[in-house]
Amino acid sequence: MLYDKMSTNGLRALHGGITRALADDDAQPPHRRVYGVRKYPDWRDQADRIEAELTARREAFAPVRW
């Protein structure tokens, strides 16, 4: 994705989605996790890229707690 072309609100929405998916997965036993946030490394890669773009824009955000 071209994060530098996205709106700040769009980046925040994606970031919030990752945070919520992680929380949802962590609230379930391993066999019932829907999203696989901890299983698939691309979740963390995407979060890191979004956070880097938000940082470059000097936007405040709560980093994803892995």
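Computed values, structure above
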{"item": "Taking the chain and dividing mean pair separation by its residue count, relative contact order in percent (alpha carbons under 8 Å, at least six apart)", "result": "35"}
{"item": "Spacing of the two label points (7 Å from each Cα toward its C-beta) at Val34 and Ala21, in nm", "result": "1.2"}
{"item": "Point-charge dipole on Cβ atoms (K/R +1, D/E -1) for the chain, about Cα centre, debye to 20", "result": "120"}
{"item": "Probe 1.4 Å, accessible area per residue of the chain, Å²", "result": "72"}
{"item": "Rg/Rg_globular for the chain, with Rg_globular taken as 2.2 N^0.38 Å and Rg from C-alpha atoms", "result": "1.15"}
{"item": "Dipole of the chain [Lys/Arg +1, Asp/Glu -1 at C-beta], most positive-end residue of Gln46, Ala56, Pro29", "result": "Pro29"}
{"item": "Length added when fully stretched, Arg12-Phe61, from 0.36 nm per residue minus Cα-Cα", "result": "16.8 nm"}
{"item": "Surface share of carbon and sulfur [accessible, 1.4 angstrom probe, percent] for the chain", "result": "52"}
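The values are calculated or read from the model by the stated rules, or taken from the named source; none is laboratory data. None of these values were measured; they are calculated from a predicted model. Here the Cβ is made from the backbone with ideal geometry for all residues, glycine too, and neighbour counts use every protein chain on show. Areas reflect the complete protein model, heavy atoms only, side chains present, ligands, DNA and RNA absent. Shrake-Rupley method; radii C 1.70, N 1.55, O 1.52, S 1.80 Å.
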